[in-house]
């Protein structure tokens, strides 16, 4: 009777704790998720997929990313449900509503999952723990991985039915279990696949041990395993029936996905992921992918280890838990790579294993918490140390963990995960007018918001945010996830971006929406022009002479598979809901309650002490460290720390913080610092650069004064740049300060500078009409001509070099390409990259150099070459203005050493002064071209000089004359125009400078 009363009381407590957990989940995640959603990694990607199904439910071909891909490459259920809700609510709200519903289902799943292990009171505590478990909070509010949570929620609800089916052989439990498994498969295939290993298999072992109670008494390395096999043989029908049907569902429900994987396998260079790092070396990756999701598990690891190894019914869970912990450690040890194999290791994101370990640990965490708060551990602690000690330790541990969870909710504030929010309405307006959607676009500096933009327009981008669907060789041959964040992927990222910007015609890429000026130099020197700055601050870059999008034949799949993909996954939700209601109102009342009889009355003393103190020590220590890092670190405790902190603030353009490192004094104010910085800085460094490396050499050393030479390496979109600066530091009251450098001010001779700009304006459509441009409004193609075109072989590579002129009276933009026919009749197209001036003023000339291979392994016998130039009238980019001159200061057998002088007569600064340098042979033929830029800007009315080393290539190069080069301009064949050369002048310069002020847009 007493035992029955205890069970009734625990049933009462457990159900109410579940209601509390559901309420807390709704009040916390339900309110916060809408606001954290824009900062997550994956939310907008899933919204994009949902938008696809909203528009084209039964058509899996999505043309808006990567020139097209099949959406059958990802299970559709989550996206289809959000698409359905999107008919009633805006997509952000629809996604947030679905995420809340999934999280509530997950809380219920955790409650039912824990009942397999312990009593209902423990299950109720587990449900509350699921609301605040750091791994779940991070998955939703940092990653936005709602499909992962959906699969997990349904898997946890399915497992108890499987457990009861194996114990009772009641087929109704089998149907219920498989119904939820079907939803898991349709939501997230990875959870379904690994769930079979880490969740289904341990559930089966637990059910077999509980069914045959005598099995738990056998010795593990004695009769246990043989007896377990005998028990499994007796239950072979149930096991095989579940396994076969589950496999049929896994294959059948998402068969188009498996068919796509087989017929169009992923063949690309592995993309680096922080979860594969060595967390001892890359501590930031360790924090995000291991410490944050697993800190509570690590803090209570002694209690978890004791409980999970206490009985043989937990054996499968123990193996899964420790294996997931190990695999989740990434590259910290070589074991995960050895166990998974190199291919799987480089494909999988290993943080998911740590995530699953945290889920497996929930029942054990909850049991210890119940015991510590109101069970045997509490009685022991109070009896030994008193009520006050227990109260303080519980309160402080809980409070520190609460602060830790708040930190995760606001992680994006401490460590920005995305760029600032971009208002997409001006971009949508731009794409919707003047047929701009007939070309592809590219976003730069948008973060994952690029997927949100795609979800709101039918315009196509060459980029995308789902790397499994990438098939473009410029992406798959490099470790580049997406072009949008190329600068964070170093050389490979910028190389891939350069390919697309240079070969824009290949993919009909005409517009770039830039939210990051870092890319401006690369855009300019690859032939792009600024068109308009939108109301949201986004700069629109445009490339001329780009043809409209050509129709692409979509990859077809059988119509029956299309129908199945649109119907079957969504049907699994309907079936699961109907069966759930049937179970709750009919079947459950007549069934034995799923409650484990297992009780743990005593814990070893070391487990009690470690598990009691470690949460408080770890969480309070973690928070103390964060506070220390943010507020209490003395960045001026020594001279090197002072220099490093100063450059860190400069790199992120925190100029007021950088100024605080200078020696205070009335003669050097913040206004003076900012004024001097605006005068002397600018240009490629540091305005368009990110600090990559900093080295310090000591020049003078004293007790209270030191002088350093600081050597910095900067990453720019044009490649690495190096800078040397000297700093003197002085110690004052135990703090080091930088002595403000003396500014060597250059003053223009004239107080007023004038310059006559000739600006051009294309009127476009002169009638206000939505109809296409009429013939009378079209401008004739401007005339250009080739002075020379040469096929040059040097250093095992082949180049086309030459010179052309704008012979028109209007400024022009030129699209130049070399179409090469090889001896095997194959055709390849090459572009000049940066070594050309794409915009020419009337009668201006430019050199050009087109590489016909990236390395010697790509050189093939050439049959003929056709140089094709397309011209159009432009309004932008043609002003050079800058006066240049040079002198050969030194010359040896390998190089020329040039002193280049540049003067700025314009009324605005020259942001990146640059020159094209051409080396000619004795016959005046251009052998090679170099683009050289100066790291600092040139103010109006001033000049500068800098030295350049130009390698000699003329003597070691061969001009091939037996391969014909055909010339075409605007589709018409042309011949070379004869031009006389000064044979004594084998070096020639042309100014090629970037002007940041938007004088063309005024």
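The values are calculated or read from the model by the stated rules, or taken from the named source; none is laboratory data. Keep in mind the model is a prediction, meaning the values are calculated, not measured. Note that we place each Cβ from the backbone using ideal geometry, even for glycine, and neighbour counts take in every protein chain shown.
Checking the conditions here, which among 594, 584 is modelled with pLDDT under 90, in contact with a helix residue (DSSP H, G or I) (Cβ under 6 Å, 6 or more places away or on another chain) and under 29 Å from residue 182 (Cβ atoms)?
Numbers: 584 fails: in contact with a helix residue (DSSP H, G or I) (Cβ under 6 Å, 6 or more places away or on another chain).
Sole residue among the options that is modelled with pLDDT under 90, in contact with a helix residue (DSSP H, G or I) (Cβ under 6 Å, 6 or more places away or on another chain) and under 29 Å from residue 182 (Cβ atoms): 594.
Out of the residues in region 632-661 that are in contact (Cβ under 8 Å) with a residue 60 or more places away in the chain and in contact with a helix residue (DSSP H, G or I) (Cβ under 7 Å, 6 or more places away or on another chain), state the one that is farthest from residue 486 (Cα to Cα). Among those residues, the one meeting the criterion is 636. Out of all the residues in region 497-512, is one or more touching a residue at least 24 places away in the same chain (Cβ under 8 Å) and within 14 Å of the chain's Cα centre (by Cα)? So far as region 497-512 goes, no, none of its residues is touching a residue at least 24 places away in the same chain (Cβ under 8 Å) and within 14 Å of the chain's Cα centre (by Cα). Checked against (1) surrounded by fewer than 22 Cβ atoms within 10 Å (Cβ to Cβ); (2) assigned to a strand (DSSP E or B), residue 846 passes all but a single condition, namely (1). The residue of region 461-480 that is farthest from residue 519 (Cα to Cα), among those that are touching a strand residue (DSSP E or B) at 6+ places or on another chain (Cβ under 7 Å) and crowded, with 24+ Cβ neighbours inside 10 Å, is 461. In summary, residue 678 fulfils each of the numbered conditions (1) surrounded by fewer than 16 Cβ atoms within 10 Å (Cβ to Cβ); (2) at pLDDT 90 or above; (3) under 25 Å from residue 517 (Cβ atoms) with the single exception of condition (2). The set of residues in region 664-674 being free of Cβ contacts under 8 Å to residues at least 24 places away in the same chain and under 15 Å from residue 650 (Cα atoms) consists of 670, 674.
So that you can scan it fast, the table gives a plain yes or no per residue for (1) surrounded by 14 or more Cβ atoms within 10 Å (Cβ to Cβ); (2) under 30 Å from residue 24 (Cα atoms):
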residue	(1), (2)
380	yes, no
395	no, yes
407	yes, yes
414	no, yes
427	yes, no
435	no, no
439	yes, no
453	yes, no
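Tell me yes or no: at least one residue of region 223-232 is over 30 Å from residue 572 (Cα atoms), touching a residue at least 40 places away in the same chain (Cβ under 8 Å) and out of contact with any strand residue (DSSP E or B) (no Cβ under 9 Å at 6 or more places or on another chain). Yes, the conditions are met somewhere in region 223-232. Every listed requirement among (1) crowded, with 18+ Cβ neighbours inside 10 Å; (2) at pLDDT below 80 is met by residue 572 save one, (2). One residue stands out among those in region 262-290 that are in a helix (DSSP H, G or I) and out of contact with any helix residue (DSSP H, G or I) (no Cβ under 8 Å at 6 or more places or on another chain): the one that is surrounded by the most Cβ atoms within 10 Å (Cβ to Cβ), which is 286.
Looking only at region 708-736, residues that are part of a strand (DSSP E or B) and either in contact with a helix residue (DSSP H, G or I) (Cβ under 7 Å, 6 or more places away or on another chain) or under 23 Å from residue 521 (Cβ atoms) (or both) come to 18 in all.
Kindly check whether there is at least one residue in region 198-212 that is in the same structural domain as residue 163 (by TED's automatic domain parsing) and over 47 Å from the mean Cα position of the chain (by Cα). Taking every residue of region 198-212 in turn, at least one turns out to be in the same structural domain as residue 163 (by TED's automatic domain parsing) and over 47 Å from the mean Cα position of the chain (by Cα).
Would you kindly identify the strands (runs of 3 or more DSSP E) lying entirely within region 882-991 that contain at least 3 residues that are surrounded by fewer than 15 Cβ atoms within 10 Å (Cβ to Cβ) and free of Cβ contacts under 8 Å to residues at least 40 places away in the same chain? Explain how you work it out, then say what you get.
Working: elements: 883-891, 895-903, 914-920, 926-933, 943-951, 958-960, 965-969, 972-974, 987-991.
By residue number, 883-891.
What number of residues within region 48-69 satisfy the criterion of being closer than 13 Å to residue 468 by Cα and either modelled with pLDDT of 95 or more or part of a loop (DSSP other than H, G, I, E, B) (or both)?
We begin by selecting, within region 48-69, every residue closer than 13 Å to residue 468 by Cα; these are 65-66, 68-69.
Retained after the next criterion (residues that are either modelled with pLDDT of 95 or more or part of a loop (DSSP other than H, G, I, E, B) (or both)): 65-66, 68.
The number of residues fulfilling the criteria is 3.
Screening residue 922 against (1) over 14 Å from residue 990 (Cα atoms); (2) modelled with pLDDT of 90 or more; (3) more than 41 Å from the chain's Cα centre (by Cα) leaves a single unmet condition, (2). Among the residues of region 849-881, those identified as buried (at least 16 other Cβ atoms within 10 Å of the Cβ) and assigned to a loop (DSSP other than H, G, I, E, B) are 852, 853, 874, 875, 876, 877, 878, 879, 880, 881.
Taking region 489-512 on its own, how many of its residues are in a helix (DSSP H, G or I) and either more than 17 Å from residue 832 (Cα to Cα) or in the same structural domain as residue 690 (by TED's automatic domain parsing) (or both)?
Taking region 489-512 as the starting set, the residues that turn out to be in a helix (DSSP H, G or I) are 489-502, 504-507.
Next cut, either more than 17 Å from residue 832 (Cα to Cα) or in the same structural domain as residue 690 (by TED's automatic domain parsing) (or both) only: 489-493.
So the answer is 5.
Only one entry in 507, 488 is at negative phi and out of contact with any helix residue (DSSP H, G or I) (no Cβ under 9 Å at 6 or more places or on another chain), namely 488.
Can you confirm whether region 320-337 contains a residue that is in a helix (DSSP H, G or I), under 30 Å from residue 227 (Cα atoms) and modelled with pLDDT under 90? Before the answer, list the steps.
Quick first cut of region 320-337, residues in a helix (DSSP H, G or I) only: 320-327, 335-337.
Keeping just the survivors that are under 30 Å from residue 227 (Cα atoms) gives 320-326.
Still in the running and modelled with pLDDT under 90: none.
The answer is no, given that none of the residues of region 320-337 is in a helix (DSSP H, G or I), under 30 Å from residue 227 (Cα atoms) and modelled with pLDDT under 90.
Taking first residues from region 29-57 that are more than 15 Å from residue 455 (Cα to Cα) and partners that are at pLDDT below 90 and part of a helix (DSSP H, G or I), the Cβ contacts under 8 Å between residues at least 6 apart in sequence or on separate chains come to 32/409; 36/409; 36/412; 39/412. Does residue 670 satisfy the condition of being surrounded by fewer than 14 Cβ atoms within 10 Å (Cβ to Cβ), touching a helix residue (DSSP H, G or I) at 6+ places or on another chain (Cβ under 8 Å) and more than 28 Å from residue 485 (Cα to Cα)? Against the criterion (surrounded by fewer than 14 Cβ atoms within 10 Å (Cβ to Cβ), touching a helix residue (DSSP H, G or I) at 6+ places or on another chain (Cβ under 8 Å) and more than 28 Å from residue 485 (Cα to Cα)), residue 670 qualifies.
Of the residues that make up region 101-112, is at least one more than 22 Å from residue 184 (Cα to Cα) and either in contact with a helix residue (DSSP H, G or I) (Cβ under 8 Å, 6 or more places away or on another chain) or buried (at least 24 other Cβ atoms within 10 Å of the Cβ) (or both)? No, the conditions are met nowhere in region 101-112.
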